[in-house]
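Some notes on the structure that comes next.
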Amino acid sequence: MRPRFLLLSPLMVTFSVLMLSGCDESLISDVKEFDKVVSDSALSVKKTYSGVNDFCRQCYVTKLRFNPSARIKHRKDDADNSPDVLMFAYSPEDIRARELALEGLIEYSAGLMAIAGSDSPKQAGELAAQISERLGSTADSLSRLNEMSKSTKDGQTTFKFESYSKPIATLAKLAAEKWVGKKQKDNLKECITSGYADTEATFDLLEEDLKNLWKFAYKQNAELTLLAQENYYNYRYVRKDWKRPAIDTPDYEKYVAFVGDKSRLDLLNEIRDSAKSFSTLFTSSPEPLISRMRESHQRLKKYADEGKIRETGIIDPNGKADDQDLRDKSKGMISAMLDSYRQIKMSLYKNEEVK
């Protein structure tokens, strides 16, 4: 007598295993990657903002050193509306708004990771609730900055705080509504798709903002500083009509003293360091960090929309193998599952015969 249980076909077993393990694991892997990329990149971009005033101040003082005719502007000159560079080129409020937006992205990615990375619904819910609360606090801080900017003279500010406060506030609201509910993991794809537009909007703002910041605050200041040093050196030390005198002459001793002059050598070392720093700015722009976050986020959204299994998976939405490597993996996994199926089937029949 055959045992009274439902025998699944090998194809059904294979399909079930792939759907239950491959998709979830791939999605979790994408969320984990997104969380790491955002955490690492956002912290680096924050340093770009937090260090901008120190950098501008150093460049400003260096240019003053080599231009005796320039006077220090300690306060804002209303006549030409120029910033008080000695104090700050960018207001602390402007910089803080950008830092808060980056912190919001870190909290958002951490929240998705909390939902995806825990097998305990209770633990995931508690952690997600904590992160949601922090994200809400970040959004409130941005909102307060926005209100402060409206109360400034003529409502003018160097930065539109509302641009950042809106998407972060929307993400905070999404977190409060969807992260803290029951079965968070089942709701992961919806959380990803619901927060996609506002996350991308934040990336857009940061990307455009960093282009201007890097071009004017960093590269332009570094170039002008180097130019001031070069001009001073040319004015102070270059002697076009001076030819190298013969050895053992009084002029040769003056020549040696001039060539070895410590102040001249120190200035040359400063020019060398400034040139090195300036050239480094061409290859160390933070813009690629925003691109990294965006690319990882778009891969996450693509999977959430299409159910595509990437790298660790087996099939794409059309049911076709992505490449030869995936086809080989597919054959190996299917073969192993078929062997397991046969062994289980034989074991069950043997047990039935003993009875």
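The values are calculated or read from the model by the stated rules, or taken from the named source; none is laboratory data. All values reported here derive from a predicted model rather than from experimental measurement. A quick note on method: Cβ atoms are made from the backbone with ideal geometry, for glycine too, and the neighbour counts reach across all protein chains shown.
Values as computed for the structure displayed
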item: Residues of the stretch 262-291 satisfying the condition of being more than 16 Å from LYS211 (Cβ to Cβ) and either touching a His at 6+ places or on another chain (Cβ under 9 Å) or in contact (Cβ under 8 Å) with a residue 12 or more places away in the chain (or both); result: ARG264, LEU267, LEU268, GLU270, ILE271, SER274, ALA275, SER277, PHE278
item: Odd one out for ASP94 among (1) at pLDDT 80 or above; (2) farther than 23 Å from PRO286 by Cβ; result: (2)
item: Cross-chain or 6+ apart pairs with Cβ under 7 Å, the stretch 204-221 first and at pLDDT 90 or above, then in a helix (DSSP H, G or I) and small (Gly, Ala, Ser); result: LEU205/SER163; LEU206/ALA101
item: Condition check for LEU268: in contact with a Lys or Arg (Cβ under 7 Å, 6 or more places away or on another chain) and modelled with pLDDT of 85 or more; result: no
item: Single residue of the stretch 176-197 satisfying the filter (among the acidic types (Asp, Glu) and under 18 Å from MET113 (Cβ atoms)) that is modelled with the lowest pLDDT; result: ASP186
item: Residue match in the stretch 220-242 (condition: surrounded by 12 or more Cβ atoms within 10 Å (Cβ to Cβ), small (Gly, Ala, Ser) and over 30 Å from the mean Cα position of the chain (by Cα)); result: yes
item: Residue match in the stretch 249-262 (condition: over 30 Å from GLU207 (Cβ atoms), of a type outside the set (A, V, I, L, M), in a helix (DSSP H, G or I) and at pLDDT 90 or above); result: yes
item: Checklist (1) surrounded by 13 or more Cβ atoms within 10 Å (Cβ to Cβ); (2) over 25 Å from the mean Cα position of the chain (by Cα); (3) assigned to a helix (DSSP H, G or I) applied to PRO245, failing item; result: (3)
item: Answer residue from the stretch 275-327, given it is over 30 Å from GLN58 (Cα atoms), of a type in the set (S, T, N, Q) and part of a helix (DSSP H, G or I) and is modelled with the lowest pLDDT among those; result: GLN324
item: Some residue of the stretch 57-75 being touching an Asp or Glu at 6+ places or on another chain (Cβ under 7 Å), modelled with pLDDT of 80 or more and not in a strand (DSSP E or B); result: no
item: Count of residues meeting criterion [under 13 Å from ALA175 (Cα atoms) and either without any contact (Cβ under 8 Å) to a residue 60 or more places away in the chain or not in a helix (DSSP H, G or I) (or both)] in the stretch 115-147; result: 15
item: Number of the condition not met by ALA128 [criteria: (1) touching a Pro at 6+ places or on another chain (Cβ under 9 Å); (2) modelled with pLDDT under 90; (3) crowded, with 24+ Cβ neighbours inside 10 Å]; result: (1)
item: Selection count, the stretch 76-91, where residues are out of contact with any Ser or Thr (no Cβ under 9 Å at 6 or more places or on another chain), closer than 17 Å to ASN221 by Cβ and at pLDDT below 65; result: 2
item: Test result for SER50, surrounded by fewer than 19 Cβ atoms within 10 Å (Cβ to Cβ), modelled with pLDDT of 90 or more and either of a type in the set (A, V, I, L, M) or within 21 Å of the chain's Cα centre (by Cα) (or both); result: yes
